[in-house]
Amino acid sequence: MNRYGLTLIIGTLLATPLLTGCAADSSESTATSTPTTPSAATDEATAETTVAAEPTVIAQAPTIQQTVLVDGLEHPWGLDWLPDGTMIVTERPGRVRLIRAGQLDPTPIAGVPDVLTTGQGGLLDVSVHPQFADNQWVYFTYAQGDRSANQTRVARARLAEGALSDWQVLFEVNRSKQGGQHFGSRITWLPDNTMLVSLGDGGNPPLELEGALIREQAQNLASHLGKIVRLNDDGSVPADNPFVDTPGANPAIWSYGHRNIQGMMYDPVSDRLWATEHGARGGDELNLVEVGGNYGWPEVTHSREYSGGEITSERSRPGMVDPLIVWTPAIAPSGLLVYQGEAFAPWQGDLFAGGLVSQDVRHIELDDSGAVINETPINIGQRVRDVRQGPDGLIYVLTDESNGRLIRLEPG
């Protein structure tokens, strides 16, 4: 159970049919300007049409100016900054782009190897090493393999003079899976320069692994699937990870029982690790991640089967950590920011979570203890893939479209 003993369950009544979180995220190659029902040919089930329970009323967002800085990005996924203010952006088909002074370099960066671009797979997150000025390392997560056998990888390469070199694979999920679902993955750094990486559970029924539904791997401490792992910056395993001395457990694991985390950020001010993860049919979650914590999936969940019916009747269990927010219907959360800038000074310490289905950014207000006290949507009108704070203290949003945008949010 979470330390607050309370989970906020939020229902949002949409004008369109109810969309499931992962169902919408699976049709990654289809750009939409309003929520639409995904094709039955996608990797996930089609959207549901049931009506949510009594919705929670969410207050209107304050006045915020939105400026489109760049368009023409093809399904951008991750965003970070170099020390000189240059933005580095990944595109899921396998390209890395640079944005200087608000202008997109028309030539992608050289030096990216082939990645598996299928379903939800491709080139995913990007993260600049905290000491980039000294070592020039940039880190990436991506899907590798083919549709019959694939996994998430973590790699790094040196970036200099507009090109990547010395590409090094640092980590690979220790179970191969089929299909194009649930790769994760986000990177965030801890103060000791170790990194946390989120990894998906591998996919939905009927997909199996080792004689059981693959989602059961999230509870298997020998498997990386459905986990957050902690690594040194060279890919080795820190000696003080929580399961280093647990027989049969993989020593890289930091927390487990996750479905598919696509939003994660460590807040050095509060010393808290926050994550948002996709549910199935509803049941998206905001979690405050504890070292060694079990987040329940799929034994404890508010999600339901895409085919209908319960995954489990249990919503909470002793020894498992409850979410702080459950979104049903799903918002399909991707990208998470803990704001610590001056441009929106009253919002310092608050969370901003992107929504693919909801096509907005959720401003989640927290009290000093980290408890959720309010949630306000900021409408974007496109699928939001990432949300980041820039060096200027403003908020930057990437939209997941075939003509994806980089949008800046600033006080209106």
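Can you name the residue in segment 83-103 that is surrounded by 12 or more Cβ atoms within 10 Å (Cβ to Cβ) and of a type in the set (A, V, I, L, M) and, of all such residues, is farthest from residue 408 (Cα to Cα)?
Among them, the one singled out is 96.
Restricted to segment 338-374, and to residues that are assigned to a loop (DSSP other than H, G, I, E, B) and of a type in the set (Gly, Ala, Ser), which residue is nearest to the chain's Cα centre (by Cα)?
358
Condition test on residue 120, is it of a type in the set (S, T, N, Q) and either more than 23 Å from residue 202 (Cα to Cα) or touching a Cys at 6+ places or on another chain (Cβ under 8 Å) (or both)?
no
Restricting the first residue to segment 119-141 and requiring it to be under 12 Å from residue 82 (Cβ atoms) and modelled with pLDDT of 95 or more, which pairs with a second residue that is of a type in the set (A, V, I, L, M) and surrounded by fewer than 18 Cβ atoms within 10 Å (Cβ to Cβ) meet a Cβ separation below 7 Å and a spacing of at least six or different chains?
Pairs that qualify, where the first residue is under 12 Å from residue 82 (Cβ atoms) and modelled with pLDDT of 95 or more and the partner is of a type in the set (A, V, I, L, M) and surrounded by fewer than 18 Cβ atoms within 10 Å (Cβ to Cβ), are 128/82; 132/82; 136/160.
Does any residue in segment 353-370 that is without any contact (Cβ under 8 Å) to a residue 40 or more places away in the chain come within less than 6 Å, Cβ to Cβ, of a residue that is hydroxyl-bearing (Ser, Thr, Tyr) and assigned to a strand (DSSP E or B) six or more places away or on a different chain, and which pairs are these?
Listed by first residue and then by second, the contacts come to nothing, as the list is empty.
All but one of (1) farther than 24 Å from residue 189 by Cβ; (2) in contact with a strand residue (DSSP E or B) (Cβ under 9 Å, 6 or more places away or on another chain); (3) of a type outside the set (Gly, Ala, Ser) hold for residue 299, so report the exception by its number.
It fails just one condition, (2).
Tally the residues that are of a type in the set (S, T, N, Q), closer than 25 Å to residue 80 by Cα and either surrounded by 15 or more Cβ atoms within 10 Å (Cβ to Cβ) or in contact (Cβ under 8 Å) with a residue 12 or more places away in the chain (or both), restricting the search to segment 222-278.
6
If you scan segment 307-364, which residues turn out to be of a type in the set (Asp, Glu) and touching a Pro at 6+ places or on another chain (Cβ under 6 Å)?
360, the sole residue that qualifies.
So which residues in segment 376-398 are part of a strand (DSSP E or B), surrounded by fewer than 16 Cβ atoms within 10 Å (Cβ to Cβ) and free of Cβ contacts under 8 Å to residues at least 60 places away in the same chain?
Passing the criteria: none in range.
Any chance segment 296-313 includes a residue that's under 16 Å from the mean Cα position of the chain (by Cα) and surrounded by fewer than 24 Cβ atoms within 10 Å (Cβ to Cβ)?
no
Results for (1) at pLDDT below 95; (2) out of contact with any strand residue (DSSP E or B) (no Cβ under 9 Å at 6 or more places or on another chain); (3) assigned to a strand (DSSP E or B); (4) within 22 Å of residue 365 (Cβ to Cβ), shown as yes or no for each residue.
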| residue | (1), (2), (3), (4) |
| --- | --- |
| 248 | no, yes, no, no |
| 266 | no, no, yes, yes |
| 273 | no, no, yes, yes |
| 291 | no, no, no, no |
| 313 | no, yes, no, no |
| 319 | no, no, no, no |
| 323 | no, no, no, yes |
| 336 | no, no, yes, yes |
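Take the residues in segment 187-230 that are part of a loop (DSSP other than H, G, I, E, B) and polar (S, T, N, Q); name whichever of them is farthest from residue 250 (Cα to Cα).
Among those residues, the one meeting the criterion is 204.
Any idea which of (1) at positive phi; (2) surrounded by fewer than 22 Cβ atoms within 10 Å (Cβ to Cβ) is the one residue 372 doesn't satisfy?
Checking residue 372 against (1) at positive phi; (2) surrounded by fewer than 22 Cβ atoms within 10 Å (Cβ to Cβ), the one that fails is (1).
Counting just the residues of segment 57-102 that are modelled with pLDDT of 95 or more and of a type in the set (S, T, N, Q), which one comes out farthest from residue 141 (Cα to Cα)?
My answer is 65.
Going by what's in this entry, would residue 138 be described as crowded, with 19+ Cβ neighbours inside 10 Å, closer than 22 Å to residue 394 by Cα and of a type in the set (Val, Ile, Thr)?
Judged against the criteria, residue 138 is not a match.
Working only within segment 289-329, note down all residues that are in contact with a His (Cβ under 7 Å, 6 or more places away or on another chain) and either among the hydrophobic types (A, V, I, L, M, F, W, C) or within 11 Å of residue 279 (Cβ to Cβ) (or both).
297, 326, 328 - these are the residues of segment 289-329 that are in contact with a His (Cβ under 7 Å, 6 or more places away or on another chain) and either among the hydrophobic types (A, V, I, L, M, F, W, C) or within 11 Å of residue 279 (Cβ to Cβ) (or both).
Here's the yes/no breakdown for (1) among the aliphatic types (A, V, I, L, M); (2) within 12 Å of residue 174 (Cβ to Cβ):
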| site | (1), (2) |
| --- | --- |
| 190 | yes, no |
| 196 | yes, no |
| 199 | yes, yes |
| 216 | no, no |
| 221 | yes, yes |
| 226 | no, no |
| 231 | yes, no |
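The values are calculated or read from the model by the stated rules, or taken from the named source; none is laboratory data. All values reported here derive from a predicted model rather than from experimental measurement. When we count neighbours, we look across all protein chains shown, and the Cβ atoms used for this are built from the backbone with ideal geometry, even at glycine.
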